Amino acid sequence: LSMAFRDVNARRHTGLQQLSALALAGRTLLGPMKSCKFVVDESTNQSALICSAVRLIESLDLTSAAGQLLNETIQAQNKEFRTGMSTLLFLIGAWSNSVLECLQQNVPVSAIVSVMSEGLNSCCERVQCLQISVHDANKELCSSSVRPNAFKSKTCRIGCDSLLKPHIFLYVQKDISAPEEVIPVNPCSHQEEDSNFNKRLLSSLAGFGSIASLVKPAGDKSASMISGSGVIASSCNKQKLTHSRHFSTLRKSHFSSQQGSFQGYLSGPSADPCECYGLGHLAMALSHGSQTSVKLLQSIVAYQRERAECSGSSQFNIAGIVTCCLLGLPESYSCVSPGFVTLVSPEQTTVIKYFEDKPLRILLMDGDLTEQYRHLGFNRPCNVRTILEHPSLPEGRADLWLSSMLDILISFEVNLVLVKGNVCENLMERCIANSILVIGSVTRDVLCAFGEVTGAQPVTYLTQLNASCVGSGAQVGLWKACDGRAMDLGELVPVRIQVQGIPLLTAVLTTTVASKMQLIEDQFWTLAYRLHHALHDEKVFLGGGAVELLCLSHIQMLAKQPLQPANKNAVREFHNPCLAASATEYTSVVLQALASGWKQYLSVIMCNTAKAASELEACTLVDHHLKKAAECGSPSAYILKEFRRGDLLRGGSGPFDDHGEGLKVYDNVTAKTEAWRRALDLVLLVLQTDAEIITGPKRNQLLNSHVSSEFMFL
């Protein structure tokens, strides 16, 4: 066996080296302050700004087997959680290097596989003490965050953010004795509401001289600094104002409980202020620095919470959220609109203007609206040989199909067609000529939302259409920006489709930089799914490196304990009883290799956030905390204490504390632990595959005969 081990380690493990090299490109994507990368397509010379492991892997040329496995692993994590991919990519690279170091020390493959697997299992159990329920997290965030009486200043000051943070902060002494209600406020409001609000604001600021001149009615075409502001008003005779710059909430006693308008940001009533603040704080704590996405998500949560109180549905429904990316508008125009906002061709605007504010009959198509489309599971006739899958139809037959489909739509008086897949261009042109609006590439969730409120039933082919499948009550109009103007962006025009009572919300994402559009959308969905998984798990991890630090401390403690059969306490730390009988001389080496992955993780994050000048300085700080945790006697208690104080791995301010005011950071539980498992499973799979290639399956089976490992990373 010793000769076989030397044979394995004497040759290069190409797969592990490839994983390490590919993961190296994603080091700057780790942590809350990521360094974006420009990816250039050589065929089109178009560039894109990426800031996630998914987009990075999609842009790389992954022709090797290890690269393809890496891509499938990251795509699986993204498909299930939409978060944790950067952690997954980094740990794959870190643990690949650790395994290579073990192989250089002639550690058997079987020992690496068993010890690392059991070590990770032990870590996952150990860090359960750092989990906190969402309810407790809400309470803690409410109690530790900035409250209204923090603004009891006797002076009034105005601060104006840049274009990327278009919020104006007004701080005026406030009478906190008056009853008040907490209402989310957003940068863009309806034009009429702006007009009434600005009039009240002007009267309340009349005594402040030049301040009142900053606020203008909505009808005034001159520039107004108050556009997109958040202000707090009380119910006393002299309206006194204040604003929470962290959570964009508007306090106003006896505020109308009426729902906000269709355009722009949403506003709605709230019940318990602590709960409203808690969800807003929880979104911020899970955002890891994406403030624009937080404001959008807070508006969505407030609107859905109002509906949940009325209908008893889920408090946060991610299936009821869609995005619409508008290129050409400043990022300050980003907002949330009820209904479905999408982009159409300029030729369709004439149909939209004709149907504006009119009730429409709607049809839902669960497939493509083309002549060649066949549904999934379509059985072809027997004894028929297919020569060409999609032949070009003869002109007469194509016209016959177009005329037939158009006649069906006209006969059922259909005005609006939402199609899940593609739409035939010729049919689209004929529909426009007959004042029928057809929109393609609509997601299944959108179809379901419209089906529930309009009574429409999706059909696969138009020939299946009958009167009961057509819904009613839909309205369509041009989408208007927060200043009330309809947008014409040249090639595409944004439109909004709305039905009374539809639970669908559209996050309209805007930017003037084409290469940044995908990045903004990815950030929004990442935060949305983090909140979704946190509420689904009903618990979160302490963030800021707390979990990884406890893993590192725990593994180093295990590495110092000799795993001998006589040491029952040490053996009990592992699930595999066969490990106690294996060569204990390798256990410490492998566990230290596993721990090095956590240490690199913490060090790189601190360097990326500029809280350490070098990895050496970061490692020194990590070692300092490990020493103090060991002296404390209970590493978890020490980490929890430092986390609550805000001093964990921060060196005064901390790598994760880019919001100021000591705002805490939380992580998803299931997404994080699954990223760990997927990373290690892939590394060990490639390790064993390389070993089989080098030594042959029979000799490798001999080396691993005492280990039974199952890998479920896909």
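The values are calculated or read from the model by the stated rules, or taken from the named source; none is laboratory data. These numbers were taken from a predicted model, which means no experiment stands behind them. Neighbour counts run over all protein chains shown; Cβ positions are idealised from the backbone, glycine included. Just so you know, the surface numbers come from the protein's heavy atoms only, side chains and all, with ligands and any DNA or RNA stripped out. Shrake-Rupley method; radii C 1.70, N 1.55, O 1.52, S 1.80 Å.
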According to a simple spin-label model (label point 7 Å from Cα along Cα-to-Cβ), what is the distance in nm between S143 and L616? 4.4
What's the Kirkwood radius of the range 586-642 in Å, using all Cα pairs? 12.3
In the full protein assembly as shown, how much of D399 is accessible to a 1.4 Å probe, in Å² to the nearest 10? 60
Can you give the Rg to Rh ratio of the range 10-73, both from alpha-carbon atoms, with Rh computed by the Kirkwood formula? 1.02
Ranked from the most accessible area to the least, with a 1.4 Å probe and all protein chains present, what is the order of T443, T670? T443, T670
Given charges of +1 on the Cβ of Lys and Arg and -1 on the Cβ of Asp and Glu, with all other atoms neutral, how large is the dipole of the range 17-135 about its Cα centre, in debye to the nearest 20? 340
How do V589, V113 rank by accessible surface area computed with a 1.4 Å probe, from largest to smallest? V589, V113
Roll a 1.4 Å probe over the protein heavy atoms and report the accessible area of H536 in Å², nearest 10. 140
Estimated distance in nm for a label pair at A467 and A25, the labels positioned 7 Å out from Cα along Cα-to-Cβ: 6.0
For E80 and K641, extending 7 Å from Cα along the Cα-Cβ vector and measuring point to point gives, in nm, a value of 3.7
Highest average packing first - 38-47, 473-482, Cβ atoms within 10 Å: 473-482, 38-47
Provide the gained length on full extension for the span V513 to E347, in nm with one decimal, where the gain is 0.36 nm per separating residue minus the Cα-Cα distance. 57.2 nm
If amide H atoms are modeled at 1.01 Å from N in the peptide plane, then the residues at a separation of 5 or more from L326, or on another chain, having amide H under 5 Å from its own are L509, T510, T511
Looking at this model, which pairs from K79/K139; K139/K641; K599/K627; K560/K599 are more than 23 angstrom apart at the alpha-carbon? K79/K139
FRET E, pair K627, D136, Förster distance 30 Å, beta-carbon r, rounded to 0.05: 0.50
log10 I(q)/I(0) for the range 429-550, Debye formula on C-alpha points only (no solvent), q = 0.09, 0.13, 0.18 Å⁻¹, two decimals, reads -0.44, -0.81, -1.23
Packing-based order for 541-554, 450-463, using average beta carbon neighbours within 10 Å, highest first: 541-554, 450-463
Assuming R0 = 22 Å, can you tell me the calculated FRET efficiency for the pair S411 and Q457, based on Cβ-Cβ distance, to the nearest 0.05? 0.80
Residue by residue, what Karplus-based ³J(HN,Hα) values in Hz, rounded to whole numbers, does the range 586-594 have, using 6.51, -1.76 and 1.60 with θ = phi - 60° and x for Gly and Pro? 8, 4, 5, 5, 5, 5, 5, 5, 5
Quick one: length gained pulling E72 to R444 fully straight, 0.36 nm per residue minus the C-alpha distance? 131.5 nm
